[in-house]
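S.K.: Pasting in a structure now, in structure tokens, and then I'll have a few things to ask.
The values are calculated or read from the model by the stated rules, or taken from the named source; none is laboratory data. Please read these numbers as outputs of a predicted model, since none were measured by experiment. All Cβ positions, even for glycine, are placed from backbone atoms using ideal geometry, and neighbour counts span all protein chains on display.
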Amino acid sequence: MNEQVNKNPLLDYSGLPLFSAVKPEHVKPAVENAIEKCRNIIIEVSEKYKEDPSWDNSIAPVEEADDRLSKVWGVVSHLNSVNNTDELRAAHDECLPMLAEFSSWAGQYKPYFEILKKIEASDAFGRLSIPQQKAIKNSIRDFKLSGIDLPEEAQAEYTKVVSRLSELQSKFSNNVLDATHGYTLHITDKERLKGLPESSLNLARSEAAQRKLDGYVFTLEMPSYLPFMTYCEDRELRREMYVAYGTRSSDVGPNAGKWDNAPLMEEILKLRDREAKLLGFKTFAHLSLATKMADKPETVISFLEDLAKKSYKQGKAEVKALEDFAKEQGLDKLEPWDISFYSEKLRQKKYSYSEEELRPYFPEDKVIAGMFECAHRLYGITLKQRYGVDVWNENVKCFDVYEDKFGSIIGTLFMDLYARPGKNGGAWMDECLTRRYRSDGVLQLPVTYLVCNFSRPVGRKVSLLTHDEVVTMFHEFGHSLNHLLTKIDIADVSGINGVPWDAVELPSQFNENFAWQEEVLNFLSSNVTTHEPLPKEKLKALLDAKNFESAMAMLRQIEFALFDFRIHLEYDEKKGGRIFEILNDVKSKVAVTPQFKDSRFPNNFTHIFSGGYSAGYYSYKWAEVLAADAFSKFEEDGIFNKNTGRDFQELILASGGAYDPLKNFEEFRGRKPEVDALLKQSGISF
């Protein structure tokens with residue numbers, strides 16, 4: 001094993017990870033080694049310094065060991081998400097039980113808990129920095145949330161529950177990935193594909209060629225699925241694709257029963273409820289709020305219901321307008337697989353604007369340069385591409401972030417933008433490295449991953465994006481800035497770490513706003529052929545259409561959030577999860593669009609069953625209120641006002657999890673947040 005460890009690229013790097021060198025056989029030895037060192041350090045400092053613990057002798061060594069484990073597992077998790085193979089998945093999943101066991105052990109190791117409490121009660125605590133104090137308080141809180149006060153028998157049960165949950169959540173995610181890739185629509189008759197834009201056809205031809213097939217192959221990955229549902233005139237084909245997508249990982253649909261997540265969902269909910277009760281919480285929803293800004297479940301429910309109430313009337317009106325328009329087009333009854341198609345036609349009629357029509361104006365390289373220019377103007381930073389860096393795919397780009405004032409590098413960003421087999425769907429940001437001082441005195445700079453699933457370039461050098469994809473990129477870049485611009489050097493509260501989950505979406509949703517500003521769009525857009533910016537009439541159409549069917553979208557997100565929160569709040573072991581019963585009840589109150597009776601949406605809701613948003617999906621809307629209100633200050637002061645940008649950077653982006661986000665927000669805005677800012681920004685009148 002020592003030879004394996006010595007040559008292991010997961011353990012043998014001091015700078016950026018050696019992604020391409022990582023093989024499945026490296027995973028288990030590296031994880032075992034990192035866990036063993038963590039465990040030994042925790043035991044050692046707990047015994048050696050129990051009488052006179054301090055930050056330097058007790059906490060700093062554990063932070064160092066934790067960082068090493070985070071580096072190892074972070075790379076493995078990342079590669080499992082972006083380069084999934086059967087071998088890597090098996091290696092990844094084999095480590096889940098040992099990681100869960102270690103996490104439970106570390107969270108219930110009383111000698112170290114006593115050391116933390118001793119430091120907190122000492123005179124020296126007041127001389128520690130605010131980030132150090134917050135890290136200690138968070139650790140003590142997390143010990144309590146890991147069952148430190150439980151009797152030995154209950155601790156053993158807690159460990160089993162957490163370990164099993166880890167396995168189930170990984171299996172849920174794998175099932176969705178397999179179900180997404182397990183369906184394709186193969187069409188050889190081009191006539192049936194009338195209405196589809198050339199970009200969509202090119203991608204489908206490329207997919208077919210890769211499979212050594214004639215004609216066109218469409219998949220359930222977003223770059224293929226969304227244009228198909230939006231533009232394909234063949235209603236039967238739209239229905240077929242919609243059913244395949246909406247029944248993934250379930251007991252119905254084209255792959256019925258093959259990757260069914262239903263039993264996993266039931267067990268996940270049961271175990272989460274048990275976890276909460278073991279820790280003394282009434283429900284898992286109550287446990288979830290222990291680390292969030294919202295104080296109690298009633299606050300969350302009332303917040304969502306208030307937003308729904310204020311959006312419902314306009315949402316109904318938007319659906320009625322869509323149904324009327326579809327009837328004018330000869331449709332007898334609007335079905336779920338018709339919504340995207342007729343919405344796009346109605347938008348084109350009202351605003352002379354089409355997402356596909358604008359693709360040539362948003363070449364990927366121009367968008368990235370424009371997005372970086374926004375950050376430069378707002379925060380005084382410059383991003384420059386670094387070449388020759390080891391990456392996990394040839395299309396991945398690496399950028400170093402420089403602080404303009406001193407010219408020094410403050411962080412690094414990896415960007416992986418294209419959809420491909422073996423890569424999870426959706427878009428996300430994650431940390432690669434956290435800003436902190438290492439034991440050798442070197443400042444470790446923050447490094448982030450920005451991952452999307454856009455169409456790869458087909459027959460050209462750059463990918464052409466829809467404006468919706470531009471907004472997605474701005475969103476994930478906002479998360480990245482939160483991590484890259486941190487001024488906090490304590491790992492547990494540096495960057496995105498330690499930030500309450502319902503505040504973590506604030507920087508991302510705030511950053512989306514710049515993709516809608518006329519001033520930004522003028523330097524963000526450039527026709528791939530003529531190099532002209534977006535013409536004024538197209539720019540006006542894009543901005544006029546910004547809030548098209550916004551109440552429908554608002555209610556859809558509220559439906560997801562209420563469903564998520566209620567299945568965790570109302571779980572009753574005697575009755576089971578009642579997943580579809582609760583979903584249907586939520587729909588009866590807030591849904592306005594036509595419904596698909598065989599929908600199995602919960603079966604592929606990875607955000608809440610495997611992605612960390614359990615009893616926390618509401619945080620998207622919660623943070624959206626903060627983001628809209630924060631941006632309204634920029635609208636008042638000027639969108640690139642340097643003083644406002646500096647204040648936002650210092651109070652929101654740079655403060656990590658060391659400070660109360662609500663207090664910092666109120667200091668930035670000069671008052672408490674107002675929900676009306678979001679409704680106004682969304683064009684919803686109430």
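S.K.: Can you list residue pairs whose Cβ atoms sit under 6 Å apart, with the first residue in the range 185-199 being on the phi > 0 side of the Ramachandran plot and the second being modelled with pLDDT of 95 or more and of a type outside the set (D, E, K, R)? Count only pairs 6 or more apart in sequence or on different chains.
M.R.: Once the first residue is on the phi > 0 side of the Ramachandran plot and sits in the range 185-199, its partners that are modelled with pLDDT of 95 or more and of a type outside the set (D, E, K, R) give GLY195/TYR231; GLY195/CYS232.
S.K.: Could you tell me which residue of the range 137-163 is farthest from SER494 (Cα to Cα), considering only residues that are modelled with pLDDT of 95 or more and among the β-branched types (Val, Ile, Thr)?
M.R.: Here the residue is VAL161.
S.K.: Considering only residues that are closer than 17 Å to LYS277 by Cα, of a type in the set (Gly, Ala, Ser) and not in a loop (DSSP other than H, G, I, E, B), which ones fall in the range 556-579?
M.R.: So in the range 556-579, the residues closer than 17 Å to LYS277 by Cα come out as 565-577.
Subset that is of a type in the set (Gly, Ala, Ser): 576-577.
Once the filter is applied, which keeps residues that are closer than 17 Å to LYS277 by Cα, of a type in the set (Gly, Ala, Ser) and not in a loop (DSSP other than H, G, I, E, B), the range 556-579 yields only GLY576.
S.K.: Let me ask another. Condition check: buried (at least 20 other Cβ atoms within 10 Å of the Cβ) and farther than 20 Å from MET293 by Cβ. Does ASN604 satisfy that?
M.R.: On the way: buried (at least 20 other Cβ atoms within 10 Å of the Cβ): yes; farther than 20 Å from MET293 by Cβ: yes.
For ASN604, the condition - buried (at least 20 other Cβ atoms within 10 Å of the Cβ) and farther than 20 Å from MET293 by Cβ - is met.
S.K.: Separate question: I'd like to know if the range 216-228 contains one or more residues that are surrounded by fewer than 16 Cβ atoms within 10 Å (Cβ to Cβ), modelled with pLDDT of 95 or more and farther than 20 Å from SER249 by Cα. Quick ask: steps written out before the conclusion?
M.R.: Looking only at the range 216-228, we keep the residues that are surrounded by fewer than 16 Cβ atoms within 10 Å (Cβ to Cβ), and these are none.
There is no residue in the range 216-228 that is surrounded by fewer than 16 Cβ atoms within 10 Å (Cβ to Cβ), modelled with pLDDT of 95 or more and farther than 20 Å from SER249 by Cα.
S.K.: Does VAL528 fit the bill of being modelled with pLDDT of 95 or more and surrounded by fewer than 22 Cβ atoms within 10 Å (Cβ to Cβ)?
M.R.: On the way: modelled with pLDDT of 95 or more: no; surrounded by fewer than 22 Cβ atoms within 10 Å (Cβ to Cβ): yes.
In short, no.
S.K.: Right, something else. Just checking, which of TYR418, TYR387, TYR379, TYR402 is under 30 Å from ALA204 (Cα atoms) and aromatic (Phe, Trp, Tyr)?
M.R.: Details: TYR387 fails: under 30 Å from ALA204 (Cα atoms); TYR379 fails: under 30 Å from ALA204 (Cα atoms); TYR402 fails: under 30 Å from ALA204 (Cα atoms).
Result of the check over TYR418, TYR387, TYR379, TYR402: TYR418.
S.K.: Which condition breaks for PRO533 when tested against (1) out of contact with any Phe, Trp or Tyr (no Cβ under 7 Å at 6 or more places or on another chain); (2) assigned to a helix (DSSP H, G or I)?
M.R.: Here PRO533 clears every test but (2).
S.K.: A follow-up question, please. Only one of these conditions is not met by PHE596: (1) crowded, with 20+ Cβ neighbours inside 10 Å; (2) assigned to a loop (DSSP other than H, G, I, E, B). Which number is it?
M.R.: Going through the list (1) crowded, with 20+ Cβ neighbours inside 10 Å; (2) assigned to a loop (DSSP other than H, G, I, E, B), PHE596 breaks only (1).
S.K.: Related question: Sort through PHE113, PHE125 and tell me the only one that's free of Cβ contacts under 8 Å to residues at least 24 places away in the same chain, assigned to a helix (DSSP H, G or I), surrounded by 15 or more Cβ atoms within 10 Å (Cβ to Cβ) and more than 27 Å from the chain's Cα centre (by Cα). First the steps, then the outcome.
M.R.: On the way: PHE113 fails: free of Cβ contacts under 8 Å to residues at least 24 places away in the same chain.
Exactly one residue qualifies, and that residue is PHE125.
S.K.: Kindly indicate the residue of the range 412-446 that is crowded, with 21+ Cβ neighbours inside 10 Å and farther than 13 Å from HIS78 by Cα and also nearest to the chain's Cα centre (by Cα) among those meeting that condition.
M.R.: LEU417
S.K.: Something else now. Here's a check for you: in the range 356-411, which residue that is of a type in the set (Gly, Ala, Ser) and under 22 Å from the mean Cα position of the chain (by Cα) is surrounded by the fewest Cβ atoms within 10 Å (Cβ to Cβ)? So that I can check it myself, show each step before the final result.
M.R.: Step one: filter the range 356-411 for residues of a type in the set (Gly, Ala, Ser), giving 369-370, 375, 380, 388, 407-408, 411.
Those still in the list that are under 22 Å from the mean Cα position of the chain (by Cα) too: 375, 411.
Details: ALA375: 23, GLY411: 25.
Ranking the qualifying residues of the range 356-411, first place goes to ALA375.
S.K.: Okay, next question. Any residue at all in the range 629-643 that's in contact with a helix residue (DSSP H, G or I) (Cβ under 6 Å, 6 or more places away or on another chain) and of a type in the set (Val, Ile, Thr)?
M.R.: No, the conditions are met nowhere in the range 629-643.
S.K.: Next up: What is the number of the single condition among (1) crowded, with 19+ Cβ neighbours inside 10 Å; (2) out of contact with any Phe, Trp or Tyr (no Cβ under 8 Å at 6 or more places or on another chain) that GLU36 does not meet?
M.R.: (1)
S.K.: Right, here's the next one. Scan the range 2-14 and tell me whether some residue there is at pLDDT 95 or above and assigned to a helix (DSSP H, G or I).
M.R.: The answer is no, given that none of the residues of the range 2-14 is at pLDDT 95 or above and assigned to a helix (DSSP H, G or I).
S.K.: Does any residue in the range 344-366 that is touching a residue at least 40 places away in the same chain (Cβ under 8 Å) come within less than 7 Å, Cβ to Cβ, of a residue that is acidic (Asp, Glu) and not in a loop (DSSP other than H, G, I, E, B) six or more places away or on a different chain, and which pairs are these?
M.R.: Close Cβ pairs (under 7 Å, with a partner that is acidic (Asp, Glu) and not in a loop (DSSP other than H, G, I, E, B)) amount to TYR351/ASP544; GLU355/ASP468.
S.K.: Filter the range 250-270 down to the residues that are assigned to a helix (DSSP H, G or I) and β-branched (Val, Ile, Thr) and list them by number.
M.R.: Step one: of the range 250-270, the residues assigned to a helix (DSSP H, G or I) are 262-270.
Once the filter is applied, which keeps residues that are assigned to a helix (DSSP H, G or I) and β-branched (Val, Ile, Thr), the range 250-270 yields only ILE268.
S.K.: Looking only at the range 307-322, count every residue that is crowded, with 16+ Cβ neighbours inside 10 Å and either out of contact with any Ser or Thr (no Cβ under 7 Å at 6 or more places or on another chain) or free of Cβ contacts under 8 Å to residues at least 60 places away in the same chain (or both) and tell me the total. Spell out how you get there, then give the answer.
M.R.: The first filter runs over the range 307-322 and keeps only residues crowded, with 16+ Cβ neighbours inside 10 Å, leaving 307-308, 310-312, 314-315, 318-319, 322.
Right, trim to either out of contact with any Ser or Thr (no Cβ under 7 Å at 6 or more places or on another chain) or free of Cβ contacts under 8 Å to residues at least 60 places away in the same chain (or both) and you get 307-308, 310-312, 315, 318.
Total meeting the criteria: 7.
S.K.: Could you grab me the full set of residues in the range 216-249 that are in a loop (DSSP other than H, G, I, E, B) and either among the polar types (S, T, N, Q) or farther than 23 Å from SER610 by Cα (or both)? Working first, answer last.
M.R.: Initial filter on the range 216-249 (in a loop (DSSP other than H, G, I, E, B)): 220-221, 232-234, 247-249.
Those that are in a loop (DSSP other than H, G, I, E, B) and either among the polar types (S, T, N, Q) or farther than 23 Å from SER610 by Cα (or both): CYS232, GLU233, ASP234, THR247, SER249.
S.K.: State whether one or more residues within the range 482-496 are basic (Lys, Arg) and farther than 30 Å from VAL447 by Cα. Spell out the reasoning first.
M.R.: Let us first name the residues in the range 482-496 that are basic (Lys, Arg), namely 487.
Restricting the remaining residues to those that are farther than 30 Å from VAL447 by Cα gives none.
No, there is no match, as no residue in the range 482-496 is basic (Lys, Arg) and farther than 30 Å from VAL447 by Cα.
S.K.: Is one or more of the residues making up the range 323-346 part of a loop (DSSP other than H, G, I, E, B), of a type outside the set (Gly, Ala, Ser) and buried (at least 16 other Cβ atoms within 10 Å of the Cβ)? Write out each step before concluding.
M.R.: Our first condition is that a residue be part of a loop (DSSP other than H, G, I, E, B); within the range 323-346, this holds for 329-335.
From what is left, the residues that are of a type outside the set (Gly, Ala, Ser) are 329, 331-335.
Now drop any that are not buried (at least 16 other Cβ atoms within 10 Å of the Cβ), which leaves 334-335.
The answer is yes; a qualifying residue exists.
S.K.: Looking at LEU543, is it free of Cβ contacts under 8 Å to residues at least 24 places away in the same chain and part of a helix (DSSP H, G or I)?
M.R.: Details: free of Cβ contacts under 8 Å to residues at least 24 places away in the same chain: no; part of a helix (DSSP H, G or I): yes.
The answer is no for LEU543.
S.K.: Moving on. Would you check if there is a residue in the range 138-160 being buried (at least 17 other Cβ atoms within 10 Å of the Cβ), on the phi < 0 side of the Ramachandran plot, in a helix (DSSP H, G or I) and basic (Lys, Arg)?
M.R.: no
S.K.: Could you go through the range 124-136 and let me know if any residue there is at pLDDT 95 or above, at negative phi, of a type in the set (Lys, Arg) and out of contact with any Leu (no Cβ under 6 Å at 6 or more places or on another chain). Don't jump to the end; show me each part of the working.
M.R.: Start the filter on the range 124-136 by keeping residues that are at pLDDT 95 or above, which leaves 124-136.
So of that shortlist, the ones also at negative phi come out as 124-136.
Now restrict to residues that are of a type in the set (Lys, Arg): 127, 134.
Right, trim to out of contact with any Leu (no Cβ under 6 Å at 6 or more places or on another chain) and you get 127, 134.
Yes: one or more hits.
S.K.: Has the range 210-219 got any residue that is under 30 Å from HIS467 (Cβ atoms), in contact with a strand residue (DSSP E or B) (Cβ under 9 Å, 6 or more places away or on another chain) and hydrophobic (A, V, I, L, M, F, W, C)?
M.R.: Looking through the range 210-219, at least one residue is under 30 Å from HIS467 (Cβ atoms), in contact with a strand residue (DSSP E or B) (Cβ under 9 Å, 6 or more places away or on another chain) and hydrophobic (A, V, I, L, M, F, W, C).
S.K.: Which ones in the range 42-67 are assigned to a loop (DSSP other than H, G, I, E, B) and surrounded by fewer than 14 Cβ atoms within 10 Å (Cβ to Cβ)? Give the derivation first.
M.R.: Here is the first cut: in the range 42-67, the ones assigned to a loop (DSSP other than H, G, I, E, B) are 49-54.
GLU51, ASP52 - these are the residues of the range 42-67 that are assigned to a loop (DSSP other than H, G, I, E, B) and surrounded by fewer than 14 Cβ atoms within 10 Å (Cβ to Cβ).
S.K.: Could you pull out every one of the helices (runs of 4 or more DSSP H) wholly within the range 599-686 that has 2 or more residues that are farther than 28 Å from ILE567 by Cβ? Walk me through it before giving the result.
M.R.: Details: elements: 606-609, 619-637, 642-648, 661-669, 676-681.
Correct list: 619-637, 642-648, 661-669, 676-681.
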